[in-house]
1. Listed residues I167, I162, I152; which is among the hydrophobic types (A, V, I, L, M, F, W, C) and over 17 Å from the mean Cα position of the chain (by Cα)?
2. Just for segment 215-250: of the residues that are farther than 28 Å from W108 by Cα and aromatic (F, W, Y), which one is surrounded by the fewest Cβ atoms within 10 Å (Cβ to Cβ)?
3. Among the residues in segment 166-182, are any loosely packed, with under 11 Cβ neighbours inside 10 Å, among the charged types (D, E, K, R) and either in contact (Cβ under 8 Å) with a residue 24 or more places away in the chain or outside any helix (DSSP H, G or I) (or both)?
4. Which members of segment 60-79 meet the condition of being surrounded by 18 or more Cβ atoms within 10 Å (Cβ to Cβ) and modelled with pLDDT under 55?
5. If I ask for residues that are of a type in the set (D, E, K, R) and either at positive phi or part of a helix (DSSP H, G or I) (or both), which ones from segment 201-248 would you list?
6. Being assigned to a loop (DSSP other than H, G, I, E, B) and modelled with pLDDT under 85 is the filter here; which residues of segment 80-132 pass it?
Amino acid sequence: MSSNNKRNFLDHVISSSFIKLVLDNHNSYLTSKSLNFNWGIIWNMLNPLIIVIGFAILFSTGIRGQGRDLEYFLFLILFWFGFSQIVNKCINFKPKPFLINKKNLNFWILITSETVSQTVPLFIRFLLCAFTMIFLDFELQLYHLTYCFILISLFAFFYGCIMRSIINENSFLSDAHGFVMTGLFFLSSILISVPLLPENIRNILLYNPLVHLFEWTKYPTTGIFYEFIDLNYFLNFLFWMVILTPILLKIYINKLDKT
């Protein structure tokens, strides 16, 4: 990427992640003689945490005595919300015509910068949760949690780009994908532990790469290791997505240029 492209990329990230938030929340100002602060920026970043924390505490207390460790469960919920946001951002991404017409900008730079603008607030929420839980004397496995955050963010971006090229603003496919995402939430070993399901069902769900990532993230806290959980399966899946994404997006962009 040339220096001009890098500069345009950074400019677009900044405008997407900060300036747009300021404009979208202009009615939420705290005004005094020496202070003019937009509380909407902080609210937009922290608002999902209220849902995530409440949801995690509810399920970590246990259903019929089947509790979950808050040390990992809170972060799995947080990562899933971030995953969904990034995927939806990529699928619904539609660059402004005046940006596409700029000489030093292209579809790749724009969609990547939009994804970064979604990932930064997610990372801040992750840090806030981690520091708060450490302050409350929870023992966190930061290596596994950080690694999971990086991998789920990459997975969300490439998966979202692939779905963007396939759905292509088709309302039926978009609705169908919404049902798929809902199903993935329940079948990715977040609420329902896939390894504990009957073997015939478990063997099918193990084709879902997110099961391997989330179970790998749980292992240091639970101390329970399953031989059929393999992080390399997730990494191989991600690798092929990285290969497939530019091919599908290139086809999509070529179709876009012809219309």
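The values are calculated or read from the model by the stated rules, or taken from the named source; none is laboratory data. The model shown is predicted, which means the values in this text are computed figures rather than measured ones. Cβ atoms come from the backbone with ideal geometry, glycine included; neighbour counts cover every protein chain shown.
1. I167
2. Looking at the filtered set, the residue picked out is F225.
3. Among the residues of segment 166-182, at least one is loosely packed, with under 11 Cβ neighbours inside 10 Å, among the charged types (D, E, K, R) and either in contact (Cβ under 8 Å) with a residue 24 or more places away in the chain or outside any helix (DSSP H, G or I) (or both), which makes the answer yes.
4. Hits for segment 60-79: nothing passes.
5. R202, E215, K218
6. F93, K94, P95, K96, N101, K102, K103, N104, L105, N106
This table checks each residue for (1) small (G, A, S); (2) within 17 Å of L76 (Cα to Cα).
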position	(1), (2)
F123	no, yes
L128	no, yes
F135	no, no
F138	no, yes
L142	no, yes
Y147	no, yes
S153	yes, yes
F157	no, no
I162	no, no
